[in-house]
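Quick notes on the structure that follows.
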Amino acid sequence: MKSSLHLLRGPRRGLAAGVVLAAAASLTLSACGGSSDAGSSSSGDASGGGEPTAVTLITKTSTNPFFIAMQNGAKEAAAKNNVKLTLEAGKEDGDSTTQITAIENAVARGDKGILITPATDDVNPAIEQARAAGLYVIALDTPPNPPSTVDITFATNNFEAGELIGKWAAGSLDGKPATIAMLDLFNDKVASVDYNRDQGFLTGMGIDVKDKQKNGDEDKSGNYTGGKGGSYTIVCNEPTNGASDKGKTAMENCLAKNKSINLVYSINEPAGVGAAEALKDAGVTATIVSVDGGCSPGIATVKAGVIGATSQQYPLKMAQLGVEAIAKFAATGEKPQVTPGLDFYDTGVALVTDKPVDGVKSITSAEAEAICWGDK
């Protein structure tokens with residue numbers, strides 16, 4: 001099986017077509033808030049018509065554009081594959097309680113499968129109970145710990161996504177000292193997407209991260225070896241819950257400690273946008289890097305120069321592939337396979353910037369707009 005990440009690493013020209021074709025072909029190559037009902041009675045190739053296959057998609061929130069794109073992808077795939085789709089979401093990022101209730105509801109309804117972006121590892125026991133009840137469970141975007149908690153994960157390589165923006169940031173510094181603010185997801189919960197992006201960024205910078213599954217245990221000062229290399233100081237690790245308002249508060253807290261910050265890592269673009277507001281209010285200029293790569297605020301902020309670089313993901317395709325996989329499994333028993341060498345199915349990532357750095361492969365904001373989250 002060839003992962004879509006491999007295709008993304010090809011030349012820039014024709015990139016959008018490569019992503020779409022990779023996502024559409026991937027299952028064949030591999031053996032392929034509240035709730036709402038988005039079911040469809042139309043026949044699909046995977047299910048063969050007849051009784052619809054009941055599937056629940058459980059996202060972290062229903063307001064983040066990333067998860068809205070995921071819901072849209074699931075709806076499109078449901079309409080094509082005779083899937084009766086139920087949408088559920090946490091009230092905010094990290095809301096495990098609502099997700100657990102949604103899992104229990106899916107089991108009680110007799111659903112065939114669940115797609116979930118796990119809020120935290122607190123949902124693991126409920127996932128295991130659902131699998132024991134016979135549901136096929138696929139994680140999207142956020143691999144659980146351990147990965148074997150679910151049947152398979154369709155996700156970006158979040159460590160690589162962080163590493164790409166770290167390499168770009170180190171190259172952009174051109175040997176200057178780095179005074180860094182780390183705007184993470186949580187400080188009271190553990191989520192793989194949180195530590196993978198954080199630790200990937202620092203690794204890309206050339207900073208020793210010690211334990212790759214733990215944020216904040218690296219030395220707070222020393223030398224980075226990425227790009228031309230130089231000295232670094234980490235001022236803060238602040239939680240944002242992936243939200244703009246909390247990103248602004250987190251940045252304000254960091255600036256209260258040190259107004260010399262010139263590099264900001266943000267867990268996602270909403271948090272990065274909030275950080276930009278705080279920096280502007282304080283009259284401080286800093287380079288912001290992030291992960292997600294949606295049309296807005298992601299690529300629009302890169303185009304406007306608010307965010308220097310971001311790593312683009314493809315959540316719409318994650319959800320489409322997930323719905324197709326459960327429909328196929330329900331109809332034929334066939335299971336999707338992980339990307340060789342990984343413990344998940346890699347749905348691809350691309351660095352987006354209009355200020356390329358030598359030795360770091362990237363695409364422009366204009367090229368990224370042609371793809372967005374796989375919804376174009």
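Note on the chain: with charges restricted to the Cβ of Lys and Arg (+1) and Asp and Glu (-1), its dipole about the Cα centre is near 840 debye. Each of ALA133, ALA327, GLY293 was placed along the dipole of the chain (beta-carbon charges, centred on the mean Cα), and the one lying farthest toward the positive end is GLY293. Size descriptors for the chain: radius of gyration and Dmax over Cα atoms are 20.1, 64 Å. Each principal axis of the Cα cloud of the stretch 256-337 was taken in turn, and the coordinate range along them, longest first, works out to 60, 26, 16 Å. Adding -39500 (n - 2.57) for every DSSP H run of four residues or longer, then dividing by how many residues the chain holds, sets the calculated 222 nm ellipticity at -12000 deg cm²/dmol.
Our note on the geometry: Cα centres of the stretch 190-209 and the stretch 334-373, 17 Å apart. May I ask you to derive the FRET efficiency for LYS212 and GLU51 from their Cβ-Cβ distance with R0 = 45 Å, giving the value to the nearest 0.05? So, using R0 = 45 Å, E works out to roughly 0.50. Considering only ALA275, ASN223, ASN64, and ranking their Cα positions along the charge dipole of the chain that arises from unit charges at the beta-carbon of Lys, Arg, Asp and Glu, the one farthest toward the positive end is ASN223. Counting 0.36 nm for each residue step from THR101 to ASP343 and taking away their Cα separation leaves a gain of 84.4 nm. Over the stretch 324-376, with a single point scatterer placed on each C-alpha, what log10 of the ratio I(q)/I(0) does the Debye formula yield at q = 0.15, 0.18, 0.20, 0.28 1/Å? The calculated log intensity ratios at q = 0.15, 0.18, 0.20, 0.28 Å⁻¹ are -0.66, -0.78, -0.84, -1.02.
The reciprocal of the average 1/r between distinct C-alpha atoms defines the Kirkwood hydrodynamic radius, which for the stretch 92-167 equals 12.9 Å. Here the extension length gained between GLU277 and ASP354 equals 25.6 nm, from 0.36 nm per residue of separation less the Cα-Cα distance. Peptides 349-357, 185-193, 264-272 ranked from most to least packed by the mean count of surrounding Cβ atoms within 10 Å: 264-272, 349-357, 185-193. In the assembled protein chains, MET318 presents an accessible area of approximately 0 Å² (probe radius 1.4 Å). Note: the stretch 143-236, Cα convex hull, 84 Å³ per residue.
Between LYS257 and ARG109, residue separation times 0.36 nm minus the direct Cα-Cα distance comes to 48.2 nm. Accessible surface of the chain, 1.4 Å probe: 49 percent of it comes from carbon and sulfur atoms.
Structure note, pairs LYS60/LYS189; LYS212/LYS259; LYS60/LYS220; LYS167/LYS246; LYS214/LYS317; LYS317/LYS355: Cα-Cα distances above 24 angstrom occur for LYS212/LYS259; LYS60/LYS220; LYS167/LYS246; LYS214/LYS317; LYS317/LYS355. Probing with 1.4 Å while keeping every protein chain in the model, the per residue accessible area of the chain equals 38 Å². Charging the Cβ of each Asp and Glu at -1 and of each Lys and Arg at +1, and nothing else, the dipole of the stretch 164-277 about its Cα centre rounds to 240 debye.
The values are calculated or read from the model by the stated rules, or taken from the named source; none is laboratory data. The model shown is predicted, which means the values in this text are computed figures rather than measured ones. Heads up, the Cβs are rebuilt from the backbone with ideal geometry, glycines too, and the neighbour counts pull from every protein chain shown. Heavy atoms of the whole protein, side chains included, go into the accessibility calculation; ligands, DNA and RNA do not. Shrake-Rupley method; radii C 1.70, N 1.55, O 1.52, S 1.80 Å.
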